[in-house]
1. Fully extended, how many nm does the chain gain between Gln182 and His102 (0.36 nm per residue separation, minus their Cα-Cα distance)?
2. What's the center-to-center distance, using Cα atoms, between the stretch 1-44 and the stretch 313-374 in Å?
3. State, to one decimal in nm, how far the label point of Ile324 lies from the label point of Gln230, with both points 7 Å from Cα in the Cβ direction.
4. For the stretch 202-253, go through all pairs of different Cα atoms, get the mean of 1/r, take its inverse, and jot down that Kirkwood value in Å.
5. Just name one of His328, Met343, Leu148: the one whose Cα is farthest towards the positive end of the charge dipole of the chain (beta-carbon charges, Lys/Arg +1, Asp/Glu -1).
6. Taking the Cα centre of the stretch 60-352 as origin and charging only Cβ (+1 Lys, Arg; -1 Asp, Glu), how large is the dipole, in debye to the nearest 20?
7. Starting from the Cα coordinates of the chain, work out the convex hull volume and express it per residue in Å³.
8. If you take every DSSP beta bridge whose two residues both sit in the chain, what share of them, in percent to the nearest 5, is antiparallel?
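Laboratory data are not the source of any read-out in this text; all were calculated from the coordinates shown. All values derive from a computational prediction rather than experimental measurement. Heads up, the Cβs are rebuilt from the backbone with ideal geometry, glycines too, and the neighbour counts pull from every protein chain shown.
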Amino acid sequence: MMLIGNGRLITRDDGVFYDDGAVVIDGKLIKDVGTTSDMKAKYPDADFIDAKRCVIMPGLINMHNHIYSAFARGISIKGYNPKSFMDILDGMWWTIDRKLTHENNKLSAYAVFVDCIKNGVTTVFDHHASYFDVPGSLDDIAEAAVNLGVRSCLCYEVSDRDGEKKKMESIEENERFILRAQKDETDMLKGLMGLHASFTVSDETLKLCDEHRHGAGYHVHCAEGPADLQDSLDRYGKRIIERFYDNGVLGDHTLAVHCVHINKAEMELLRETNSMVIHNPESNMGNAVGCGPVIHMIREGVLVGLGTDGYTNDMLESYKVGNIIHKHHLCDPTVAWSELPAMLFNNNRMITARYFKKPLGVIRPGAYADVIVTDYDPLTPMDASNVNGHILFGMNGRSVVTTVCNGKLLMKDRKVLVCDEAALMKECRQSASRLWDSINN
Ligand SMILES: [Zn+2]
């Protein structure tokens, strides 16, 4: 047993907060929660991890990531001069994914999951593309997740953009991985049917995906930029969410990512089908695609979670940007104070509950033992009523000093325990260099 104590404990369990709290971990699960003195007296033999008056809270959840984009950091692509979001997709992301090898996939996954551990992110929903070499690419990512001990839900982004053969390979890759994940008894690995976006998947492709998904939900970009909406109107005479509704894509296991350019009727379809929307504020700003109406969606009863879209692995950075983008966009300084922490701390937890067998994102007996410690000493009074203000303005991902996932200690005092980080980064730099050469030569 492990006892993490002597810290300010944010449980996310009905707002329960302990000024000097402790969490007791037995195997993969949380066994008990209480004051440090009570827990020490009750479990005298447990291994004690001293939080040193820092903050103990649940591991963070990233609802949308692109591990494959990691080796783009610092890249320079010959002739790349984008004028629009579509140019960014074609000139940057598709150009990269057409060259990714198994080695690139595996090493970028190791690098990203290590970064997740260092940012206190213990559950990652990833959306993968590597059209150069499709079969087995999700296994490359799964290997890194399993070996490093991070919980993940993976999918391959099906698209017509690289022709019939590659499209079929991408559907088969999802199907194969969905079946693998359905047999996985650790509850650490899940699979979804990934779709790129409406403008690169035909109705025939959607039908094939439906026939090969074995009950799994979809993970799909929806109405990210105006061109995606215009394409759907031109080719199908429907808006994107209407089109996906008509093709059976929506549902209570489907993640509709972005939803920047949707109207009220589409929000109603999302709500009615119990689909989930994932907001990625930094990515939306970076690609200049617009600001999604997620504040309105929440008011309309849509379940909205928070992701990063590969922009960062720091969920607290995503929280900070989400907090200001809506104030700025709506010219209303009162919005987002409650909606953004609700997305990150409540909704992400509720969304994962649809995929994983036991609760995540909460410190309570019976939940999975995904727990982090952040180095933060509040300069103002901290209690159950204002923890989100302290997190928003006082912490970032790099405040995380200790990360536990599924009861396993992955990082302690900023030292990653599950790999040789320096050796891994060296291998990654070499692999990224080979990728860059293959793109530019
Ligand atoms: Zn994305």
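1. That works out to 26.5 nm of additional length.
2. Answer, in whole Å: 21.
3. Output for this residue pair reads 3.1 nm.
4. In the stretch 202-253 this quantity evaluates to 11.6 Å.
5. Result: Leu148, furthest along the dipole toward the positive end.
6. In debye, rounded to 20, the stretch 60-352 gives about 520.
7. Values: hull volume 58.5 nm³, N = 441.
It is 133 Å³ per residue.
8. Values: 26 of 59 bridges.
Around 45 percent of the beta bridges assigned by DSSP in the chain are antiparallel ones.
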